[in-house]
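Right, one structure below, let's go through it.
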Amino acid sequence: MSGKKEAREQLGSRIGFLLLAAGCAIGLGNVWRFPYIAGAYGGALFVFIYIAFLLAVGVPILVMEFSVGRASRRNLGAALHTLEPKGTWWHRFGGISLVGSYLLMMFYTTVAGWMLAYCWSMIRGNLSGLTPQEVGVFFQGLTSDASASVFWMAVTVAFCFTVCGMGLRRGVERVVKFMMLGLFGLMIALVVRAVTLPGGEAGIAFYLMPDPEKLKGDLWPALTAAMGQAFFTLGLGVGSMTIFGSYIGKSRSLTGEALYIVFLDTLVALMAGLIIFPSCFAFGVNPDAGPGLVFVTLPNIFNSMPLGRFWGSLFFTFMAFAALSTVIAVFENIVSYCMDVWGWGRKQASLLNGFTMFLFSLPCTLGFNLLSGFQPFGEGSSILDLEDFLLSNNILPFGALLFLFFCCHRRGWGWDNFLHETDQGQGLRFPHRLRPYLQYVLPGVLILLFVQGYVDKFIK
């Protein structure tokens, strides 16, 4: 392992850290999954359940990731080696950071490329005046066109690794701050437009009014949906948050910082619903979940609106910012791994990983056209589904368990060391009495999520 500890880069400001970490957490799932499941499972009641699980499941592991990063001043790959007791083997699991980040980006870059394609097409007016059927054909045409899909994926990879290569402050922090501030500004404008649409109030009621009837006799699916969304929304388990902890000082306690990031992530998810549901109800469109909502349903709605091209352009610019901020944040984790573990320079790590990431992303991108015959989970599935399953239902739960055991058990970093690091600085202290819960209860919850993922995929 190479690299001098004293030469570690640091973020320029606290707001930079918060927006960068929030940019990593805020992704496309906030837009096309959370609003739908909230509306389907009781509206405001589901939101309350979700927030409870977010505090109980997501926040403790987020704090642990930050703590391991700040104490070691290293990426997860090197942090475990730095903090582990002598004679232990925790460092053998450091590679999960690189593997998990690569696996996520192997399919996320494809979807981010679609967002860029739609942003460009909406601005140019290519979607204006199309019938609902033609909008559906447009999306199918994009995914089935191998050259176009590869081009936009390549643009995503090249742009984001270029940002990482420019440096932590000058590139990553500066660009993501701009994107996140722009994202919130665009969302506010879109929310104001959506909630003032004639008939939009019915969508707001569907989304946020408590509806106990939706939970009667169907509570378990709602609970597992809330638990899964609370865990996966923050992207925990592969060290993506660990790296940002390594870039900050000790002036603020980490529990308070984690809660700020969770607040921003939840705020974006809630605001996304306030864009989607009023719009869908105002124009009598079913708000389906999944990519079809973003790429087919919403463009049809924008085409029905006055100044639809303008509002559609704003929406897909916001979506592009959400996607690219996540990609940049995860790419930074990959770059830092190569710097901390292998001693590479930043530009070398960015260039070589950019080329490698492009090659590794090709199977997913081509899985909708040239490789569409490969359907790993049966008819209608794709390489994207396989990669998502390997990450979400396997690597992320395992990585989260790794953090729990490493921070809570004496054969790992240990509870006292974790608390000492977490509570340094001004702000909220971590609840010291949670140790039994984190040692015995939360691992059971993560194992339940792991099993539920397999049940949903192979049994239901």
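Worth pointing out:
- Among residues of the range 426-442, those that are surrounded by fewer than 17 Cβ atoms within 10 Å (Cβ to Cβ) and either in a helix (DSSP H, G or I) or touching a strand residue (DSSP E or B) at 6+ places or on another chain (Cβ under 7 Å) (or both), counted: 11
- Index of the failed condition, LEU259 passing every other in (1) modelled with pLDDT under 90; (2) surrounded by fewer than 20 Cβ atoms within 10 Å (Cβ to Cβ); (3) of a type in the set (A, V, I, L, M): (1)
- Here ILE188 meets each of (1) over 30 Å from ARG8 (Cα atoms); (2) under 23 Å from the mean Cα position of the chain (by Cα); (3) surrounded by 17 or more Cβ atoms within 10 Å (Cβ to Cβ); (4) not basic (Lys, Arg) with one exception, condition (3).
- Within the range 196-205, the presence of a residue that is of a type in the set (S, T, N, Q) and within 30 Å of GLY427 (Cα to Cα) is excluded.
- Residues satisfying the stated conditions in the range 213-259, i.e. in a loop (DSSP other than H, G, I, E, B), among the small types (Gly, Ala, Ser) and touching a Ser or Thr at 6+ places or on another chain (Cβ under 9 Å): GLY235, GLY239, SER240, SER246, SER253
- Some residue of the range 58-73 being surrounded by fewer than 24 Cβ atoms within 10 Å (Cβ to Cβ), in a loop (DSSP other than H, G, I, E, B), free of Cβ contacts under 8 Å to residues at least 24 places away in the same chain and of a type outside the set (Val, Ile, Thr): no
- Residue list for the range 360-373, restricted to those being more than 22 Å from the chain's Cα centre (by Cα) and in a helix (DSSP H, G or I): LEU366
- Some residue of the range 135-145 being farther than 27 Å from GLU9 by Cβ, without any contact (Cβ under 8 Å) to a residue 40 or more places away in the chain and of a type in the set (S, T, N, Q): yes
- Note on the range 260-291: residues that are without any contact (Cβ under 8 Å) to a residue 24 or more places away in the chain and assigned to a helix (DSSP H, G or I) amount to 2.
- Candidate set: the range 320-358, residues that are within 26 Å of LEU18 (Cα to Cα) and hydroxyl-bearing (Ser, Thr, Tyr); chosen: the one surrounded by the most Cβ atoms within 10 Å (Cβ to Cβ): SER336
- Near pairs, Cβ below 7 angstrom, 6+ apart or cross-chain, from the range 345-366 (among the basic types (Lys, Arg)) to any residue that is in a helix (DSSP H, G or I): ARG346/GLY165; ARG346/VAL335; ARG346/MET339; LYS347/GLY165
- Breaking point among (1) over 19 Å from the mean Cα position of the chain (by Cα); (2) assigned to a helix (DSSP H, G or I); (3) modelled with pLDDT under 95; (4) surrounded by fewer than 21 Cβ atoms within 10 Å (Cβ to Cβ), for ILE51: (1)
- Lone unmet requirement of (1) surrounded by fewer than 22 Cβ atoms within 10 Å (Cβ to Cβ); (2) touching a residue at least 60 places away in the same chain (Cβ under 8 Å); (3) closer than 25 Å to VAL327 by Cα for GLY23: (1)
- Restricting attention to the range 391-410 and to residues that are in contact with a Leu (Cβ under 6 Å, 6 or more places away or on another chain) and under 17 Å from ASP456 (Cβ atoms), the residue that is surrounded by the most Cβ atoms within 10 Å (Cβ to Cβ) turns out to be LEU391.
- The set of residues from the range 61-106 being on the phi > 0 side of the Ramachandran plot and touching a Phe, Trp or Tyr at 6+ places or on another chain (Cβ under 9 Å) comprises just one member, ARG73.
- Matching residues, the range 55-78, being touching a His at 6+ places or on another chain (Cβ under 9 Å) and farther than 15 Å from PHE430 by Cβ: SER72, ARG74, GLY77, ALA78
- Sub-8 Å Cβ pairs linking a first residue in the range 93-107 that is buried (at least 20 other Cβ atoms within 10 Å of the Cβ) to a second residue that is at pLDDT 95 or above and of a type in the set (D, E, K, R), at least 6 apart or interchain, are LEU103/GLU387; MET106/GLU387; PHE107/GLU387, ordered by first then second residue.
- Residue within the range 374-382 that is surrounded by 16 or more Cβ atoms within 10 Å (Cβ to Cβ), under 26 Å from the mean Cα position of the chain (by Cα) and over 27 Å from GLU257 (Cα atoms) present: yes
The values are calculated or read from the model by the stated rules, or taken from the named source; none is laboratory data. The structure presented is a predicted model; accordingly, all values stated were derived computationally and were not measured. Every residue, glycine as well, gets a Cβ built from its backbone with ideal geometry; the counts of neighbours run over all protein chains shown.
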